[in-house]
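Have a look at the structure below, then the notes.
The values are calculated or read from the model by the stated rules, or taken from the named source; none is laboratory data. On a predicted model such as this, the values are computed, not experimentally measured, just so you know. Virtual Cβ from ideal backbone geometry, glycine too; neighbours counted across all protein chains shown.
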């Protein structure tokens, strides 16, 4: 176990450095933000002066070394546009991203997993067919459309929920549903596939032939085994959710990380993009590691030392 | 019994909790909620240049001079001014202005503000608007002298944008801290900034001028236009920015909202690269001018609010001359002109555009030019790339580009000079006569001489067609029915000029 952890941590370090290096250079391929910062009437001399003042006239490699040096000091730099530290910006957005991710996960798992079970165990019933249709339509609706539709119905027409922005628990409901519905379909499908897979195995058939009831069958025999693919998917979905849900955040004016990242990309606010990408890489690598460890907890047959 | 009471209380508490964000009924209007597109990038008036910041900070700060709703330059911090010589101008300042921290606004603060924004090391994006000012001096606590490098007729128009910051505070707390907690002398005080969500201002009850009608104002960031519209219709906001004509039309029968539409100083145009085929041929340029149906664009796509213009200005800008005759829409004439040119007219033309512009307009322009016989391809890139290429000079820039220009100064020098003069990266036109006229108009303080020079420029543009001026753009806001607010040509948003009618 310690050997495995060390090896994985080393891999994680290389991955993160690679990601950060890539984003550093890719962003700068098409120039810098100076043109976006100045009024239209600025002359080329004004633009050049600002570029020099912001340090974008230095050779790329020098800027890169600077960036790495700052990173080693745990300094993510300052936003060129907002002129506040990137850590401040990320810290202010993070709680909203966490809230929305949690809300969406509750919706996705809370609806998706039961539907998956339904689809696997009661395939032929009318209810299952209805649920399958529900899953399909939830996955087919683009969020920019379902989101604004929800706002129009529940806020403008009925006045039940606040249309956008933050404030109370009620503000979280619509964005969570809009975002959760997408992952719900994934959870439903994976749950169904995993359960069907387990059901076709010998132990399940044996258990059935002994006359074990459905509930006991599900909770005693199938749940643990079927949860391996679910853990994998959950890790991926959570890291997706944490990276921010751009469209949902934009439609509901929800101040999460996704929204600020897209704005930063458009404004070429490199530092913010780098900070968010770095964070995203950390979260993804960490959650993958966590899911690997969870495998061995759920299924003692998986021994981490050999899992390479 | 007690149990029952407790559960009722719980239910009430839950309802209150869930209802936290619900729209409140407007009894007396305590708080105005404004939905912007993005949050301000910064509230230090001198370190950024973007509308969302401007809407907010302009209510916190007073400027040296300002414009009234009609667009005339009127006193604000300065009560009067006089030209001492061609390069020197003296301002008398109000003596009764107090910053939000209680300190008095004096000539020192004005001098400090000028020197701060013109300091190259400070790296203000607005530097180019003020860098003709070479010196500022306090002559007395209420008198300031500015010195420009040569006569500079657009100085006052530029000073409309100069916010006065308190010297003592800025020097004490430094640039970054001032940005987080700005202190000005305007009708509203900075209260709180919930990053990514909203900025809250409270009324400055000690303001020297017209006081704000609302005790507090909240500026929220709502990036999606459809959501801003829904917010307004649901009553959760009172004023929203940046909606299009279709959305404005949706508000026509809305029970509690209306659209506010105002013509601005912004002019939409097509810039032709006159150094490369086919537009190196004046006939091809004239054909392009005849091919564009401006009225069609406005009526068919823009909802009929914008106004066609025959010159590269709008009536809201100094330098506008009535009666300029631009080539009229005449498809047959355009085709005939292209036929005269022959195969050279078929050269492929890239029409540069960026996502911020209305793509329906760009596509309609492409269609109109194709109908006339041009071979036009749309070249879309992100805004930063578009701007870089648009200013790259005739060699590197596109053959055709669509743009909407505002110098935020309402002076022809901020429009014609950058778009036409050979020294500017934006210009893809080389005409010594026009260069001379633009230089003359920039170098004299005599308004009539300037107008005469600009008139000649307009006439040359109309016949030689380095650009096809399209229309004077409107700005469209959505507002609560009860809100009285007059849109201005420079797209300002002064809360203390608004009112609320119950």
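Brief remarks on what is shown
- The set of residues in the stretch A:3-25 being over 14 Å from residue A:288 (Cβ atoms) and touching a residue at least 24 places away in the same chain (Cβ under 8 Å) consists of A:3, A:20, A:21, A:23, A:24, A:25.
- The set of residues in the stretch B:181-203 being within 14 Å of another protein chain (Cβ to nearest Cβ) and touching a helix residue (DSSP H, G or I) at 6+ places or on another chain (Cβ under 9 Å) consists of B:181, B:182, B:193, B:194, B:195, B:196, B:197, B:199.
- Residues of the stretch B:383-406 that turn out to be free of Cβ contacts under 8 Å to residues at least 40 places away in the same chain, outside any helix (DSSP H, G or I) and either touching a strand residue (DSSP E or B) at 6+ places or on another chain (Cβ under 9 Å) or at the interface with chain A (Cβ under 8 Å from one of its Cβ atoms) (or both), as a count: 1
- Qualifying residues in the stretch B:204-218 (those that are surrounded by fewer than 23 Cβ atoms within 10 Å (Cβ to Cβ) and part of a strand (DSSP E or B)) - the one nearest to the other protein chains (Cβ to nearest Cβ): B:218
- Identification of helices (runs of 4 or more DSSP H) wholly contained in the stretch A:28-86 with 3 or more residues that are more than 8 Å from chain B (Cβ to nearest Cβ) yields A:44-54, A:60-72.
The rows are residues; the columns are (1) part of a loop (DSSP other than H, G, I, E, B); (2) within 22 Å of residue A:242 (Cβ to Cβ); (3) touching a helix residue (DSSP H, G or I) at 6+ places or on another chain (Cβ under 6 Å); (4) within 14 Å of chain B (Cβ to nearest Cβ).
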site	(1), (2), (3), (4)
A:150	no, no, yes, yes
A:155	no, no, yes, yes
A:159	yes, no, no, yes
A:163	yes, no, yes, yes
A:174	no, yes, yes, yes
A:179	no, yes, yes, no
A:189	no, yes, no, no
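- Filtered residue count, the stretch B:1-60, keeping only those that are out of contact with any helix residue (DSSP H, G or I) (no Cβ under 8 Å at 6 or more places or on another chain), modelled with pLDDT under 90 and not in a helix (DSSP H, G or I): 8
- Exactly one residue among B:221, B:172, B:230 is within 26 Å of residue B:478 (Cβ to Cβ) and without any contact (Cβ under 8 Å) to a residue 12 or more places away in the chain, and that residue is B:230.
- Test: residue in the stretch B:67-86 that is within 14 Å of chain A (Cβ to nearest Cβ), assigned to a loop (DSSP other than H, G, I, E, B), within 30 Å of residue B:257 (Cβ to Cβ) and out of contact with any strand residue (DSSP E or B) (no Cβ under 8 Å at 6 or more places or on another chain): no
- Within the set A:112, A:103, A:133, the sole residue that is assigned by TED's automatic domain parsing to the domain that holds residue A:263, farther than 23 Å from residue A:263 by Cβ and in contact with a helix residue (DSSP H, G or I) (Cβ under 6 Å, 6 or more places away or on another chain) turns out to be A:112.
- Flag if residue B:429 is away from chain A (no Cβ under 14 Å) and assigned to a loop (DSSP other than H, G, I, E, B): yes
- Among the residues of the stretch B:121-169, the ones that are within 14 Å of another protein chain (Cβ to nearest Cβ), farther than 18 Å from residue B:91 by Cα and surrounded by fewer than 21 Cβ atoms within 10 Å (Cβ to Cβ) come to 4 in all.
- Scanning the stretch B:432-454 for residues that are away from chain A (no Cβ under 14 Å) and buried (at least 19 other Cβ atoms within 10 Å of the Cβ) gives B:434, B:437, B:441, B:450, B:453, B:454.
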